[in-house]
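See structure below.
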Amino acid sequence: MDIKEQEFSRMVRENKSTIYTVCYMFSNDEDEVSDLFQETLINLWKGFESFRHESKLSTWIYRVAMNTCISADRKKRRQGSKVPLSMNINLYDDEDHETKQVRQLHERIQRLDLIDRALVMMWLEGMSYDEIAEVVGISIKNVGVKLVRIKEKLKQK
Amino acid sequence: MNFEEMRNQITLLKEKLDRQEIVNDHLLRETMRTGVSAINKNKLWVYVCVVLCLVIYPLLYVSGTFSNAFVIATCLMMLLCFVGTYYIHRPVDRMNLMTEDLVTVARVMAKFRRQYDQWMYYVTPSLLIPWLSWAVYEFAWKNAPDGMNHWQIALPMLVGAGIGMLIGYFMHRNTVNAARKIIDQIEEKENN
């Protein structure tokens, strides 16, 4: 592996949970998560060289992961070779208390539309309004307004 | 359910995922390999389409079986399909998932699917039906082998085309429904 590949591998390993979380919240089953995860890695790799550090690395990763999940064609399963992820848990089937909690979160977030889902996820992860606005493409003021509305929406459901 | 509880749940999820390997060496190698080949593959398809358009005309012309008008019309139709597909795909190909914001990406995707929808429902039938009628005439009447009933050739052609259209329609319908959902969401965002 050359230096660029090593750096990419390190970045992916350090942010694997973030990438997986985004893919999980936009998916309905294990296979879909796996497809989106691999698609996101490919897009990150394509853009890795040209990433200029004008925004934070975590913001960039969020942007690429969410864009991939929003624009992915769910009907078209990944072409080419598909590599299984190295995991010994299944967030859709496991029945332990922690997984049930996680699934409850997944179910609630899934009820929201795509952009609202992205907004609420970034907020839950503790990102600032500036960063959320940059990723979503709306004003900072609008982020606040939308989060209040989402809160209301979640309470009603 | 409040946001604080959801925050705890997302922390729980991250902790769970941190304990997993998830990304293995094989996956990384495959990612870096596919990332490069995907770009080349797209270019290759463009070249294949162009070469096909350039090769079909002389081949059909040399065979001398079909009328010149039909051969020219077939080539023109293929070129038109190629240009139309390229035009519809261009914004998506140019879109940079690494730098665009979510609303822009969603809007481009929705526009792409809407145009694709219009192409499928209006342009494709208006090209395909006259061409198919002409093709049936050329194959089953004008160039039918001696003594063979015209409908023996025409019927399988028409049935095949009908089945193809039905499969295409059902495959496309689900994509269109998904696109409508995204369009509704964006319009809702813009109106708010």
Segment B:50-141 shape via C-alpha gyration tensor axes, a/c threshold 1.5: oblate
Taking all protein chains together and a probe of 1.4 Å, list B:Val83, A:Val83 from the most accessible to the least accessible. B:Val83, A:Val83
B:Met77-A:His97 FRET efficiency (beta carbon distance; Förster radius 56 Å; 0.05 resolution): 0.35
May I ask you to rank B:Trp134, B:Trp151, A:Trp45 by accessible area, largest first, using a 1.4 Å probe over the protein chains only? B:Trp151, B:Trp134, A:Trp45
For B:Met148, A:Met127, what's the largest-to-smallest order of accessible area, 1.4 Å probe? B:Met148, A:Met127
With x for Gly and Pro, the residue-by-residue ³J(HN,Hα) of segment B:66-80, computed from phi through the Karplus equation 6.51 cos²θ - 1.76 cosθ + 1.60 at θ = phi - 60° and given in whole Hz, is 9, 5, 4, 4, 5, 4, 5, 4, 4, 5, 4, 5, 5, 5, 4
Counting only protein heavy atoms and leaving out ligands, DNA and RNA, the solvent-accessible surface of B:Ile163 at a 1.4 Å probe, in Å² to the nearest 10, equals 90 Å²
Are there GluC sites (Glu not before Pro) in segment A:86-157 that DSSP marks as loop and that have at most 14 other Cβ atoms within 10 Å, and which are they? A:Glu95
Report the full-extension gain for the segment B:Arg7 to B:Val159: residue separation times 0.36 nm, less the Cα-Cα distance, to one decimal in nm. 49.0 nm
Other-chain or far-sequence residues with amide H under 5 Å of A:Ser86's (modelled H): B:Ile22, B:Val23, B:Asn24
Got a number for the accessible area of A:His106? Probe 1.4 Å, square angstrom, nearest 10. 20 Å²
For the residue pair B:Phe170 and B:Leu127, what label-to-label distance in nm results when each label sits 7 Å from Cα along the Cα-to-beta-carbon direction? 2.5 nm
Indicate the gyration tensor shape class of chain A (rounded, prolate or oblate), computed on the Cα atoms with a ≥ b ≥ c the square roots of the eigenvalues: a/c under 1.5 is rounded; otherwise a/b larger than b/c is prolate and the rest oblate. oblate
Rounded accessible area of A:Lys56 (nearest 10 Å², 1.4 Å probe): 120 Å²
When each of A:Lys46/B:Lys14; B:Lys111/B:Lys142; B:Lys16/B:Lys111 is checked by Cα-Cα distance, pairs over 32 Å: B:Lys111/B:Lys142; B:Lys16/B:Lys111
Shielding by partners, peptide A:8-16 (average Cβ within 10 angstrom, other chains): 3
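The values are calculated or read from the model by the stated rules, or taken from the named source; none is laboratory data. Since we're looking at a predicted model, the values are computed, not measured. Every residue, glycine among them, receives a Cβ derived from its backbone with ideal geometry; neighbour counts consider all protein chains shown. Protein only, heavy atoms only, side chains kept; ligands, DNA and RNA dropped before computing areas. Shrake-Rupley method; radii C 1.70, N 1.55, O 1.52, S 1.80 Å.
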